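Enquirer: This is the structure I have questions about; it appears just below.
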Amino acid sequence: MKAKSLAVLAALALLVFSGPTFAHHGTAAYDTGNPLTIKGTVTEFRFINPHCQVYFDIKNDKGEVEHWQGELTAPNKLARAGWTKHSLNTGDQITVTGLVGKYGGHSIWIRKLIGPDGQGMQLSED
């Protein structure tokens, strides 16, 4: 009986603590129906957990500079593809394709990135 109780307790703990892990990978904050491709200039690259971040500037249709924030995949996935914290540098020209945030601001979940060397990396299968 004690073993059964421990098994039930372990299963409940797994359910309770795994929820935030799966919730964190949701795409509800992004417009999944309208992917966007934009070109910009890197202002900062953060090779950090849980997801790398790239900040970049673009010029909009009016010629005004817009500051964008892009979320990439986890650093361990990028590292397996040969990336380091020096893979993107301030001033680098990039092209990103991704899903724009639904709630204003200039944020994008980057699904594909073409770096300054012209090499592309598919970051998501979605």
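The values are calculated or read from the model by the stated rules, or taken from the named source; none is laboratory data. Predicted model only: the values in this text are computed from it and were never measured. Positions of Cβ are backbone-derived with ideal geometry, glycine not excepted, and every protein chain shown enters the neighbour counts.
Enquirer: Can you pull out the residues in segment 32-91 that are aromatic (Phe, Trp, Tyr) and in contact with a Lys or Arg (Cβ under 6 Å, 6 or more places away or on another chain)?
Expert: PHE47
Enquirer: Return the total of residues in segment 84-120 being in contact with a strand residue (DSSP E or B) (Cβ under 9 Å, 6 or more places away or on another chain), of a type in the set (Ser, Thr, Tyr) and under 24 Å from GLY26 (Cα atoms).
Expert: Number of matching residues: 3.
Enquirer: Check every one of the strands (runs of 3 or more DSSP E) wholly within segment 51-125 and list those with 2 or more residues that are within 21 Å of GLY33 (Cβ to Cβ) and of a type outside the set (A, V, I, L, M, F, W, C).
Expert: Answer list for segment 51-125: 65-71, 93-101, 107-114.
Enquirer: May I ask you to list the residues in segment 43-63 that are among the polar types (S, T, N, Q) and farther than 13 Å from LEU88 by Cβ?
Expert: ASN49, ASN60
Enquirer: Which one is surrounded by the most Cβ atoms within 10 Å (Cβ to Cβ) among residues in segment 27-83 that are at pLDDT below 95 and β-branched (Val, Ile, Thr)?
Expert: THR73
Enquirer: For segment 61-108, name all the residues that are among the β-branched types (Val, Ile, Thr) and more than 17 Å from ARG46 (Cβ to Cβ).
Expert: The answer is VAL65, THR95, THR97, VAL100.
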